[in-house]
Amino acid sequence: MTDGEEMVKAIRIEKHGDPDVMQLVDIDLPPPGPNEVLLRHTAIGVNFSDINVRRGGFYYPEPMKMPLTPGNEAAGVVESVGAAVTDFKPGDRVGYVGMHGPFYHFTGAYAEKRIVPADRLVPLPDNITDRHAAASMLKGMTAASIVEHLYTPKKGETILIHAAAAGVSLLLVQWVKHLGANVIGTAGSREKAEVAKAHGCDHVILYRETDFVAEVKKLTGEGVDAVYDGVGKDTFKKSMDCVRPFGKLVNYGNASGHVPPIDLLDCAAKGSLSVARPAVSFLVAKTENLRRNCAHFFDLIGQGVVKIKISKTYRLEDAVQVHRDVEAGRATGSLLIIP
Ligand SMILES: NC(=O)c1ccc[n+]([C@@H]2O[C@H](COP(=O)([O-])OP(=O)(O)OC[C@H]3O[C@@H](n4cnc5c(N)ncnc54)[C@H](OP(=O)(O)O)[C@@H]3O)[C@@H](O)[C@H]2O)c1
């Protein structure tokens with residue numbers, strides 16, 4: 001350790017693999033550079049992208065630089081600031097969602113403390129707890145990119161949301177309901193179906209037991225106005241059959257695996273279907289957009305439109321267990337690491 005460095009605990013991986021490639025180690029943190037802050041994390045968000053980063057092979061084009069610390073989302077308290085930082089001071093409560101560039105670059109949230117560029121930080125209002133911020137910023141910005149940029153449901157329309165009790169989708173369910181649309185959810189268990197219903201789903205289909213295409217057709221006739229699909233490989237092709245003519249299929253995730261390539265002519269055959277695939281990093285790339293979109297989302301939480309469900313918290317040393325739980329699809333809502 002050199003002058004000004006501080007030793008903190010962090011999760012590190014040296015190579016891609018199963019959850020147990022993650023190890024809790026001591027790392028040296030340098031003091032913040034001129035435009036950076038030293039942030040003490042109080043709550044760290046767990047996201048499926050952390051699993052993809054740890055497993056490797058999903059993102060492209062170049063291999064990730066090792067060793068790396070996973071994690072793209074956290075809240076905390078500013079401990080010190082670089083000489084050129086004017087927006088923040090020690091003691092400020094802040095959160096962040098991603099660094100500059102794609103989410104598989106510049107990870108590092110699974111740590112007690114982290115150096116963060118000041119322009120990536122979002123001030124937290126008094127009514128938003130650190131835990132709520134860390135549990136909802138990345139998932140909330142993903143929901144915003146879908147609901148506000150790709151398909152905004154109109155009053156009376158019907159939206160199909162897969163794995164409706166999961167992290168991003170539980171926010172989507174509530175947001176879509178608030179806009180006056182009907183929500184059909186799918187869920188992997190009866191317990192998850194209850195959670196989805198309690199958050200606004202009008203109907204829930206147990207999609208591991210029932211043919212969801214037939215159920216959707218039974219409920220809607222010619223199909224839903226849009227599908228929001230974070231499950232990917234197992235649901236995508238069938239979801240194409242759930243959309244009404246000129247409707248939209250938004251695939252935002254791949255919890256079951258990568259969606260196979262599609263032939264554009266299939267979109268014509270399926271009723272002039274539009275397909276979209278967002279990447280939340282584009283919504284939050286510019287600092288003003290990041291802060292404006294987060295402020296809007298925090299307002300929705302403040303108004304009670306969106307409730308944040310934190311189903312379980314873990315310690316930093318439990319990182320292996322939290323990844324096992326996510327991979328087994330055990331969680332509903334959000335999971336947090338409390339360092
Ligand atoms: N496009 C973007 O910018 C963006 C941003 C954020 C997240 N995402 C992606 O969106 C997806 C959902 O993220 P999330 O945070 O909502 O995930 P999550 O809370 O971990 O939930 C994933 C859910 O998917 C279902 N699932 C189906 N097959 C699965 C499998 N083989 N393994 C694990 N779960 C499976 C499970 O629900 P059931 O038991 O109900 O089936 C599970 O609860 C992920 O692929 C994530 O990478 C994309």
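Per-structure values
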{"item": "For the chain, with +1 on Lys and Arg beta carbons and -1 on Asp and Glu, the positive-most of Gly232, Val53, Thr42 along the dipole", "result": "Gly232"}
{"item": "Accessible-area composition of the chain, carbon plus sulfur, in percent [1.4 Å probe]", "result": "52 percent"}
{"item": "q = 0.12, 0.13, 0.16 Å⁻¹, the chain: log10 I(q)/I(0) [Debye, one scatterer per Cα]", "result": "-0.83, -0.96, -1.38"}
{"item": "Cα gyration tensor, the stretch 268-339 - rounded (a/c under 1.5), prolate or oblate", "result": "oblate"}
{"item": "Whole-Hz couplings from phi, Karplus 6.51/-1.76/1.60, listed for the stretch 6-13; x for Gly and Pro", "result": "9, 9, 10, 8, 8, 8, 10, 10"}
{"item": "Nearest 10 degrees, 0 to 90: helix 130-147 Cα axis against the chain principal axis", "result": "40 degrees"}
{"item": "Long-range Cα-Cα pairs in the stretch 1-90 (distance over 19 Å), rounded percent", "result": "51 percent"}
{"item": "Antiparallel DSSP beta bridges within the chain, percent to nearest 5", "result": "55 percent"}
{"item": "Alpha-carbon gyration tensor eigenvalues x 5, square-rooted, for the stretch 44-180, Å", "result": "28, 21, 12"}
{"item": "In the stretch 209-307, GluC sites (Glu not before Pro) in a DSSP loop with at most 16 other beta-carbon atoms within 10 Å", "result": "Glu209, Glu222"}
{"item": "Kirkwood Rh and Cα Rg combined as Rg/Rh, the stretch 110-153", "result": "1.06"}
{"item": "Range of Cα positions in the stretch 1-47 per principal axis (Å), largest first", "result": "37, 24, 17"}
{"item": "Helix 287-302 axis, angle to the chain major axis (alpha carbon atoms, nearest 10°)", "result": "70 degrees"}
{"item": "Nearest-0.05 FRET efficiency for Gln23 and Ile262, computed from C-beta distance (R0 45 Å)", "result": "0.70"}
{"item": "P(r) tail fraction, the stretch 215-306 - alpha-carbon pairs more than 17 Å apart, %", "result": "60 percent"}
{"item": "Relative contact order of the chain, pairs being alpha-carbon contacts under 8 Å that are 6 or more residues apart, as %", "result": "17 percent"}
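The values are calculated or read from the model by the stated rules, or taken from the named source; none is laboratory data. Quantities reported herein were computed from a predicted structural model and do not represent experimental measurements. Note: ideal-geometry Cβ built from the backbone for every residue, glycine included; neighbour counts use all protein chains shown. Protein only, heavy atoms only, side chains kept; ligands, DNA and RNA dropped before computing areas. Shrake-Rupley method; radii C 1.70, N 1.55, O 1.52, S 1.80 Å.
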